[in-house]
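Visitor: I'd like to ask you about the structure that follows.
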Amino acid sequence: MKGRTAAVFMAMLLAIYLVLVGWRAVQFVLTGEPIAVAIGIALLALPVVGAWALARELLFGVRTERLVGVLDEEDALPVDELPRRASGRPVRDAADAEFPRYRAEAEASPGDWHSWFRLGLAYDASGDRRRARQAIRRAIALERAGR
């Protein structure tokens, strides 16, 4: 719940920022000065890209949360017994020791979104956020294709 509240708060701040930048861009364009118009057009791209990125991240979060709920209902979430640092992050060596099991499970069942989601959690525990997101995105795509 804490993470969701933080994400909503940051999304609201970003949305306010994007609106203000968009308004400033329109003001530049309305001056009629060639350089100001060019700056305004360039600034208009920022809110468009920002809104796209914000929507994509929020959608990723919603879909991920939904899959966690499905796995929880199916009692298929991996048991998290990893030792933790004071920060709450798993001890990397312990996470790395468990990782091969989840990788083998995903390789054995490449069309099963459950195994890809668990692999994403294993990547995250090992500290590889980029691969974690890729695996979870693949799980989302497989689950959506299976519906």
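Visitor: Average the reciprocal distances over every distinct pair of alpha-carbons in segment 92-146, invert the result, and give the Kirkwood radius in Å.
Guide: One decimal place: 10.8 Å for the Kirkwood radius.
Visitor: Let me ask something additional. How many percent of all Cα-Cα pairs in segment 20-66 sit more than 12 Å apart?
Guide: Across segment 20-66, Cα pairs with separations above 12 Å total 63 percent.
Visitor: Nearest 500 deg cm²/dmol is fine: what mean residue ellipticity at 222 nm does the chain get from its DSSP H runs of n ≥ 4 alone, each adding -39,500 (n - 2.57), divided by its residue count?
Guide: Result for the chain, helices only: -28000 deg cm²/dmol.
Visitor: Can you compute the equivalent ellipsoid semi-axes for the chain, i.e. the square root of 5 times each eigenvalue of the Cα gyration tensor, sorted largest first and rounded to whole Å?
Guide: Output for the chain: semi-axes of 41, 17, 14 Å.
Visitor: What distance in nm separates the simple spin-label points at Ala141 and Phe99, each placed 7 Å from Cα in the Cβ direction?
Guide: 2.2 nm
Visitor: Okay, which of segment 118-134 sit inside 19 Å, backbone N to the point 7 Å along the Cα-Cβ direction of Arg56?
Guide: Correct set: 129-134.
Visitor: Less than 12 Å from a label point 7 Å out along the Cα-to-Cβ axis of Asp80: which backbone N atoms in segment 86-122 qualify, by residue?
Guide: Correct set: 88-91, 121-122.
Visitor: Could you size up the charge dipole of the chain around its Cα centre, putting +1 on the beta carbon of Lys and Arg and -1 on that of Asp and Glu, and report it in debye to the nearest 20?
Guide: Result for the chain is approximately 440 debye, rounded to the nearest 20.
Each reported figure results from applying straightforward, stated rules to the coordinates on display, with no laboratory input. Everything numeric here is computed off the predicted structure, so don't read it as measured data. Every residue, glycine among them, receives a Cβ derived from its backbone with ideal geometry; neighbour counts consider all protein chains shown.
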